[in-house]
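J.: Can you keep this structure in mind? I'll have questions shortly.
The values are calculated or read from the model by the stated rules, or taken from the named source; none is laboratory data. These numbers were taken from a predicted model, which means no experiment stands behind them. Glycine gets a Cβ as well: all are built from the backbone with ideal geometry, and neighbour counts include every protein chain shown.
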Amino acid sequence: MNWQDSTLGALTKLDGGLIQTGPFGSQLHQAEYETEGVPVVMPKDITDGGISSETVARVSEQTAARLERHKLKPRSIVLPRRGEITKRAFITDAQGGWLCGTGCLKIELNGDHLVPEYLYYFMGQEHVTKWLMQHAVGSTMLNLSAGIVAAMPVRYPAINVQKAIARTLSTYDDLIENNRRRMALLEDSARQLYREWFVRLRFPGHEHTPIVDGLPQGWERKTLGEISGINQCNIASGFDGEIEYIDIASVTRNSVNDTTRYEFRDAPGRARRIVRHGDIIWSCVRPNRRSHAVIWQPAENLVASTGFVVISPKSLPTSFLYQAVTTDLFVGYLENHAKGAAYPAVVSGDFERATILVPPPALVTAFDEFAEPLLWQIQNLHSQNQKLRQARDLLLPRLMNGELAV
């Protein structure tokens, strides 16, 4: 098999593509963002190889037309140009026409000399991410430029082999995406039932339940601190052993996407919160991003960052409590109590003082009988995805160095 070496810049030029940073802040102002319109991809929206549409900001069609050159084409690659510079996203057909945001950089290829899908997987290799980190500038926050990315070395085979490699690896990602969609449907089922019963108050028997002091009879308002433990367990500073660590960046809405294994003595100083089966973790920083997840069947040595609040259920099941602390109303409460301009954050006391509507035990049990099996199904799909990722990542370097023929 004939492999060649070049730089991404040279191949992009040969292919008639481009490497381009997003608009400067002077071209796209904060005041121009709207709740509806054309999505603008920011570094925070890049997760697990794609774009999270749940967190993406938007601008009007008029603003998007003014920034036409920053529109994304299907099959292009977007990466942060500051901060978490090793992340990347592959733009799907449905995301074509979205905008490359201020903090991002896009790579467009026509696929005549370098196949976009091949490049996407090539950039996932450890030695490539290390190269980007080593050549980025900045001490407190790493920054990339179009010039740095253009200088990145690329090793590539013939076009037909590139396509075959990408096709092999994408089979795993297609299975992962299918499982992710199934997980989203299961999560939505629990959320919709919770809203119907406990937000809209159309629970079984609601027609015959009198309202007393503004609540259905038998219902109570309690603080989260009364019905759960907040940050109950921290790992001892003298602990000697290995931990699995959850950092802030690894959690998105409803999901712990990754953990990192450390000897505790080498772990980040924030690796302190012990989490157990049934716990809920909520990121204290920028609560509007809704970075929260249920901990289900964890490793015994799982530890989370002190940037999370760990909510441990007492009198209510996890299935109910998780829905209660992830409603729009609860998130709005956190946003209103967050302090700090650059990094708005809440503290454990804000969680403890939050009010939760608690229905009678029989109604909670009925909900849990429906929702807890969904948590088990979601965990099963999550475990399948972890195994698929591991298999793909083991295969990746062997395909990229020609050890395995396709």
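Every residue, every condition in (1) touching a helix residue (DSSP H, G or I) at 6+ places or on another chain (Cβ under 6 Å); (2) under 18 Å from Arg398 (Cα atoms); (3) at pLDDT 95 or above, yes or no:
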{"position": "Ile91", "(1), (2), (3)": "no, no, yes"}
{"position": "Thr102", "(1), (2), (3)": "no, no, no"}
{"position": "Trp131", "(1), (2), (3)": "no, no, yes"}
{"position": "Ser139", "(1), (2), (3)": "no, no, no"}
{"position": "Asn160", "(1), (2), (3)": "no, yes, yes"}
{"position": "Ala164", "(1), (2), (3)": "no, yes, yes"}
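J.: Testing Pro287 on (1) in contact with a helix residue (DSSP H, G or I) (Cβ under 9 Å, 6 or more places away or on another chain); (2) over 15 Å from Asp350 (Cα atoms), one condition comes back false. Which one is that?
T.: Only one criterion is unmet by Pro287, namely (2).
J.: Go through (1) surrounded by 22 or more Cβ atoms within 10 Å (Cβ to Cβ); (2) in a helix (DSSP H, G or I); (3) among the aliphatic types (A, V, I, L, M); (4) not assigned by TED's automatic domain parsing to the domain that holds Asp393 for Ile107 and report which single condition fails.
T.: (2)
J.: Moving to a separate point now. Answer yes or no as to whether Leu8 is in contact with a Cys (Cβ under 6 Å, 6 or more places away or on another chain), surrounded by 17 or more Cβ atoms within 10 Å (Cβ to Cβ) and modelled with pLDDT of 95 or more.
T.: When the stated conditions are applied, Leu8 does not pass them.
J.: Scan region 336-353 and give yes if some residue there is touching a residue at least 12 places away in the same chain (Cβ under 8 Å), part of a helix (DSSP H, G or I), within 18 Å of Arg253 (Cα to Cα) and assigned by TED's automatic domain parsing to the domain that holds Ile280, otherwise no.
T.: Among the residues of region 336-353, at least one is touching a residue at least 12 places away in the same chain (Cβ under 8 Å), part of a helix (DSSP H, G or I), within 18 Å of Arg253 (Cα to Cα) and assigned by TED's automatic domain parsing to the domain that holds Ile280, which makes the answer yes.
J.: I need every pair where a residue in region 119-146 that is in contact (Cβ under 8 Å) with a residue 12 or more places away in the chain has its Cβ under 8 Å from the Cβ of a residue that is among the hydroxyl-bearing types (Ser, Thr, Tyr), sequence separation at least 6 or different chains.
T.: Correct list of pairs: Phe122/Tyr156; Met123/Thr129; Thr129/Thr86; Leu132/Thr86; Met133/Thr86; Ser145/Thr21; Ala146/Thr21.
J.: Then there is this: Output the strands (runs of 3 or more DSSP E) that fall wholly within region 1-76 and possess 3 or more residues being under 21 Å from Glu108 (Cβ atoms) and under 27 Å from the mean Cα position of the chain (by Cα), or say none.
T.: Counting at least 3 such residues, we get 18-21, 38-41.
J.: Which residues, counting only those in region 66-103, are free of Cβ contacts under 8 Å to residues at least 12 places away in the same chain and closer than 19 Å to Ser170 by Cβ?
T.: Ala94
J.: Being in the same structural domain as Gly17 (by TED's automatic domain parsing) and touching a Pro at 6+ places or on another chain (Cβ under 8 Å): is that true of Glu84 here?
T.: The answer is yes for Glu84.
J.: In region 329-353, which residues are among the aromatic types (Phe, Trp, Tyr) and either in contact with a His (Cβ under 9 Å, 6 or more places away or on another chain) or closer than 17 Å to Lys222 by Cα (or both)?
T.: Phe330, Tyr333, Phe351, listed by residue number.
J.: Have a look at Arg290, Arg276 and point out the one that is over 22 Å from Trp376 (Cβ atoms) and either basic (Lys, Arg) or touching an Asp or Glu at 6+ places or on another chain (Cβ under 8 Å) (or both).
T.: None of the other options fit; the residue is Arg290.
J.: Please work out which residue is farthest from Ala405 (Cα to Cα), limiting yourself to region 152-189 and to residues that are touching a strand residue (DSSP E or B) at 6+ places or on another chain (Cβ under 7 Å) and surrounded by 14 or more Cβ atoms within 10 Å (Cβ to Cβ).
T.: The residue in question is Met152.
J.: So, Phe239, is that one touching a residue at least 40 places away in the same chain (Cβ under 8 Å), in contact with a helix residue (DSSP H, G or I) (Cβ under 9 Å, 6 or more places away or on another chain) and outside any helix (DSSP H, G or I) or not?
T.: It is false that Phe239 is touching a residue at least 40 places away in the same chain (Cβ under 8 Å), in contact with a helix residue (DSSP H, G or I) (Cβ under 9 Å, 6 or more places away or on another chain) and outside any helix (DSSP H, G or I).
J.: Something else: Looking only at region 254-305, count how many residues are buried (at least 16 other Cβ atoms within 10 Å of the Cβ), outside any strand (DSSP E or B) and within 16 Å of the chain's Cα centre (by Cα).
T.: Of the residues in region 254-305, 10 are buried (at least 16 other Cβ atoms within 10 Å of the Cβ), outside any strand (DSSP E or B) and within 16 Å of the chain's Cα centre (by Cα).
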